[in-house]
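Notes to accompany the following structure.
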Amino acid sequence: MKKLNIAFAMCASFCCIRKTLDEVKKLSKKYNILPIMSSNLLNTDTRFGKSKDIKIEFETICSKKIISSIVEAEPIGPKLMADVMVICPCTGNTLAKLCRSITDTQVTMAAKSHLRVQRPLVIGFASNDALGSSAKNIAQALNSKNIYFVPMSQDDPINKPNSIVANFEKLDETIIYALENKQIQPVLC
């Protein structure tokens, strides 16, 4: 059976990168993965890791070079390069841009290009302001055609009451549902 193709974009929710890469390893056994990294993730070293090491690991897992520019991302839709696209972790900044049709990064260009051909986009959201300023964008995206969310919940309701993080272990199941044009439930756990 032919493996499906996933365009997989990672944004700079630095504390979630390890969990995301662990899930990408699992997915790579089942899917062909086209890796995309946001510029912030590509160029920022943090206490959670060096950008160079993250890039090398992501490329190694996927056995492909990272898409790292708007020009490289644009053909994803017209060339039907992915059956499904995933943005995980997706930051509040990236979700806000998607909701306003801003395509000034390789991640937003890849998503716009992919959605243009009516294919599913899965979002693994991670943001400290999800229940604050980003809540309106979550609501808008939930009501948008071909956009599906990985189930998510508050990660630290006492110390960070507005923070939400996707349940990364539900990523593959969310992809399967999205390919059937269904939103996995419950979205909020």
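For this structure, a couple of remarks:
- Filtered by the rule that a residue be among the hydroxyl-bearing types (Ser, Thr, Tyr) and either touching a Gly at 6+ places or on another chain (Cβ under 6 Å) or under 13 Å from LEU98 (Cβ atoms) (or both), the range 127-147 gives SER127, SER134, SER144.
- Flag if SER51 is out of contact with any Cys (no Cβ under 9 Å at 6 or more places or on another chain), among the small types (Gly, Ala, Ser) and either under 21 Å from LEU95 (Cβ atoms) or buried (at least 20 other Cβ atoms within 10 Å of the Cβ) (or both): no
- Residues (touching a residue at least 40 places away in the same chain (Cβ under 8 Å) and crowded, with 17+ Cβ neighbours inside 10 Å) located in the range 129-146: SER134, ASN137, ILE138, ALA141
- Flag for ILE70 being closer than 25 Å to PRO151 by Cβ, among the β-branched types (Val, Ile, Thr) and out of contact with any Lys or Arg (no Cβ under 7 Å at 6 or more places or on another chain): no
- Subset of the range 1-38 that is in contact with a helix residue (DSSP H, G or I) (Cβ under 6 Å, 6 or more places away or on another chain) and of a type in the set (Gly, Ala, Ser) - its residue that is farthest from THR91 (Cα to Cα): SER28
- One residue from PRO161, PRO186 being loosely packed, with under 13 Cβ neighbours inside 10 Å, in contact with a strand residue (DSSP E or B) (Cβ under 8 Å, 6 or more places away or on another chain) and either without any contact (Cβ under 8 Å) to a residue 40 or more places away in the chain or not hydroxyl-bearing (Ser, Thr, Tyr) (or both): PRO161
- In this entry, GLU173 passes the filter for residues that are over 23 Å from SER38 (Cα atoms), among the acidic types (Asp, Glu) and not in a loop (DSSP other than H, G, I, E, B).
- Of the residues making up the range 103-112, those that are part of a helix (DSSP H, G or I), touching a residue at least 40 places away in the same chain (Cβ under 8 Å) and either hydroxyl-bearing (Ser, Thr, Tyr) or closer than 18 Å to ALA126 by Cα (or both) are VAL107, ALA111.
- Counting only residues that are in a loop (DSSP other than H, G, I, E, B) and farther than 9 Å from ILE36 by Cα, the range 55-67 holds 2 of them.
- Residue count, the range 176-189 (criterion: in a loop (DSSP other than H, G, I, E, B) and at pLDDT 95 or above): 8
- Which numbered condition THR60 fails, given (1) over 17 Å from GLN106 (Cα atoms); (2) of a type outside the set (A, V, I, L, M); (3) free of Cβ contacts under 8 Å to residues at least 60 places away in the same chain; (4) crowded, with 20+ Cβ neighbours inside 10 Å: (4)
- Entry remark, the range 68-102: residues being outside any loop (DSSP other than H, G, I, E, B), over 27 Å from ALA130 (Cα atoms) and without any contact (Cβ under 8 Å) to a residue 60 or more places away in the chain number 4 in total.
- The conditions of being more than 22 Å from PRO120 (Cβ to Cβ) and aliphatic (A, V, I, L, M) are not met by LEU95.
The values are calculated or read from the model by the stated rules, or taken from the named source; none is laboratory data. None of these values were measured; they are calculated from a predicted model. Cβ sites come from the backbone with ideal geometry, for glycine too, and all protein chains shown count toward neighbours.
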